[in-house]
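Worksheet: one structure, shown below.
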Amino acid sequence: MKGNWRKQIVISALAVTLAAGNAASVFASAAPDGKTDASVMAEQMGLSNQYKSWKNEWNRVKNDWTQVSLTPGKNATELNFAWYTPKKTTQSKTDQIVEAKVAKVSEGSENGNAPKLIIGEGRNMKNAKVYEAKQTEVANETDTKGGTYYTNKVTAAGLKENTTYYYSYDNGSGYTKPAAYTTKSAKNFSFVFVGDPQIGSSNELKGSDSEEFYNAQSDAVCNDAFNWASTLNAAMQKTGNKASFVVSAGDQIQTTKKKAPNKDAAKSEIEYTGYLSPDILKSLPVATTVGNHDSDNQNYTYHFNRPNESKLGDNGVTGGDYYFKYGNALFLMLNTQNSNVAEHKQFIEEAVAKNKDCKWRIVTLHQDIYGSAEHSNEPEITNLRYQLTPYFEANHIDAVLTGHDHAYSRSKMMLQDTQSEIAKNYSSDEFKTQLTKDMDAGENPETRYEAPANIKNNTTDKDEQKYLSYLKSVMDDKYVEKVEKGDSVLNPKGILYMTGGSSSGSKYYDLVPRKQTYIAARWQEDIPTYSIVDVTDKTLTINTYRTDNDQKIDDTFSIVKSSDSKKNDTVAPKKVSISLKSSAKKKVVVTIKKTTEKVSGYEILYATNNKFEKAKRKSTTKTTYTLTSLKSKTNCYVKVRAYKNVHGKKLYGSYSKVMKVTVK
């Protein structure tokens, strides 16, 4: 969250010397956090009727704690389930008959008091198996009617690739309507990466035990859950419903136990209900990460059934690190709310040793250790960076997926292992005071996308100079891997770090005003976003989109691995130079300056605006290309990048300088 410390800093700390010799100015507060109104986004996406239906549905289901969550199993042949049941339940005769019939073809089912899950192939649940849940009491929680609960966990095993299964589970009121789950291929696969759903965060009221708070909380969850569902649906449509699972970088919900009314953990359950409410989650597993809003509440452990969970990384509340294997990729999910880095090191080493056959190694943690928004420069975040990155490099991690900052960013390939002396010795208190000055948006501040940078480079204030020196030291210029700039890299030694933007629009943070040297791309326009990651034996390719219109917010980026690469294929093509000419009506001729470098072709991006909104793309193998059917008397903006074809993938260079011409 944007910390209250910014608004509680004493007035004297708000005096800012903007430049040498300038008089001090007093500002009001930081710009307010942005958020997405679901009714507005629904209208933009043509989903207004769906939103109206959802609001009615929300009033029916908001107190239902028994929704199921799916989590990837330890490998592609398994799927993990978790759900709540009330302690006071009775099994109907109909349910007993259903179990009896299925049990005839089940393997190893047990007849006990715990609820069961039934899963089988196709609508007729062929070869169905019955699994009896492992039950745990949900401690110290009661719902609005005084009911108490168990959490139930099941692992379904022996699943076959590219097969549709149906499953049904006993939620305490009988078996649910069978839901479909389709397994995918583990050879070449896709997954969705999202940052901070943080359901309920659009509620601006504090957690007081009042009707006003509870009404605001319910309305906020209704809003955020709809946007969350819209993002998941958009992501799955983008993949043609072929994504195998979702990776979430943490903060599934908003209300921590510490800040809940009367510190009552049950007050977050309505937010978990909203988080689990999208219909698509009945068929789409999510590998969750522990965020700071999840970390002080056992409800997280009750709702998610994580595979290969370790005691290492346990913060004493939400469990330890865990991992799973899917195809040729190893996913390492770290609970960095436990700051004992030695435990994370041991966990990574042990998991990697058990899965040496995995070509790709992907870490997920909550804190954005190479991000670019408000949290990214905090000493506690950068300290974690310098502690973890040597272990990531020693274990040949390829990509690290993070959240926490509610703004999208992608790093360059980083080789990092040394913290500067100024970073070691710069305190959080010093940083907070100067950050408050730097980000202050003045009286009556409005939402913005990038912080204002009130502290200027020519300041004579020693504390401000120290702050700027600290910021420069954590940009890590010298740790950017020396590869050609571009949107693809081949056999890099460095690691890619990505921070997911808000996937629900419940809260957004401003980008820092001084873009870090390590950042390749970043984006914030207060719109929910998601990334699609495609994994093959030789490539890991990332595309990132905004939810409202499915437009890309960053160029495609690929990591290519190959043991038989030629030397000249190890780097992306160099930046090209271009010129434009419009001598014929509705046409623009793009000329690309010839070079001695061998390339496979060129991608031309053109639009009517310099932000390249609604841009169009053309590919050519020639150095001259004519754009046609343009609108006369308008400006045409063009940029071009070269590419090489490497093992079936295009290895792109950086875009040329943007050129403009008026169309005849």
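The values are calculated or read from the model by the stated rules, or taken from the named source; none is laboratory data. What you see is a predicted model; the values in this text were computed from it and never measured. Because the Cβ atoms are built from the backbone with ideal geometry, glycine has one as well, and the counts that use them run over all protein chains shown.
Quick grid of which residues meet (1) farther than 12 Å from Asp196 by Cα; (2) of a type outside the set (Phe, Trp, Tyr); (3) within 14 Å of the chain's Cα centre (by Cα):
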| position | (1), (2), (3) |
| --- | --- |
| Ala220 | yes, yes, no |
| Asp224 | no, yes, no |
| Trp228 | no, no, yes |
| Asn241 | yes, yes, no |
| Thr255 | yes, yes, no |
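Taken over the stretch 288-332, residues that are within 13 Å of Thr364 (Cβ to Cβ), touching a residue at least 60 places away in the same chain (Cβ under 8 Å) and not in a strand (DSSP E or B) amount to 5. When Trp54 is tested against (1) surrounded by 19 or more Cβ atoms within 10 Å (Cβ to Cβ); (2) modelled with pLDDT of 95 or more; (3) not in a helix (DSSP H, G or I), exactly one condition is not met: (3). Within the stretch 516-531, track down each residue that is closer than 23 Å to Ser558 by Cβ and of a type in the set (D, E, K, R). Residue satisfying the conditions is Arg522 alone. Looking at the structure I just gave you, is Asp314 modelled with pLDDT under 95, more than 29 Å from Ala179 (Cβ to Cβ) and surrounded by fewer than 23 Cβ atoms within 10 Å (Cβ to Cβ)? The answer is no for Asp314. For the stretch 412-425, the count of residues that are buried (at least 19 other Cβ atoms within 10 Å of the Cβ), more than 19 Å from Thr389 (Cα to Cα) and not basic (Lys, Arg) is zero. Only one entry of Tyr169, Tyr175 meets the criterion of being in contact with a Leu (Cβ under 7 Å, 6 or more places away or on another chain), not polar (S, T, N, Q) and not assigned by TED's automatic domain parsing to the domain that holds Lys267, and that entry is Tyr169.
Scanning the stretch 631-660 for residues that are surrounded by fewer than 20 Cβ atoms within 10 Å (Cβ to Cβ) and over 15 Å from Val489 (Cα atoms) yields Lys631, Ser632, Lys633, Thr634, Asn635, Tyr637, Lys657, Val658, Met659, Lys660. If you check Leu384, Leu281, which single one turns out to be closer than 30 Å to Glu525 by Cβ, part of a helix (DSSP H, G or I) and in contact with a strand residue (DSSP E or B) (Cβ under 9 Å, 6 or more places away or on another chain)? Matching residue, one of Leu384, Leu281: Leu281.
Scanning the stretch 236-267 for residues that are in a helix (DSSP H, G or I) and either at pLDDT 95 or above or at positive phi (or both) yields a count of 5. Residues of the stretch 430-477 that are over 10 Å from Ala31 (Cα atoms) and of a type in the set (Asp, Glu): Glu430, Asp438, Asp461, Asp463, Glu464, Asp476, Asp477. Selection of the stretch 447-476 for residues being more than 26 Å from the chain's Cα centre (by Cα) and either assigned to a loop (DSSP other than H, G, I, E, B) or at pLDDT below 95 (or both) yields Ala453, Asn454, Ile455, Lys456, Asn457, Asn458, Thr459, Thr460, Asp461.
Among the residues that make up the stretch 365-388, is at least one of them closer than 30 Å to Trp65 by Cα, touching a Lys or Arg at 6+ places or on another chain (Cβ under 6 Å) and not assigned by TED's automatic domain parsing to the domain that holds Thr85? No, the conditions are met nowhere in the stretch 365-388. Residues of the stretch 389-426 that are in contact with a helix residue (DSSP H, G or I) (Cβ under 6 Å, 6 or more places away or on another chain) and under 26 Å from Lys493 (Cβ atoms): Tyr391, Asn395, Met414, Leu415, Gln416, Asp417, Gln419, Ser420, Ala423.
Selection of the stretch 497-517 for residues being under 27 Å from Asn395 (Cβ atoms) and surrounded by 24 or more Cβ atoms within 10 Å (Cβ to Cβ) yields Tyr497, Met498, Thr499, Gly500.
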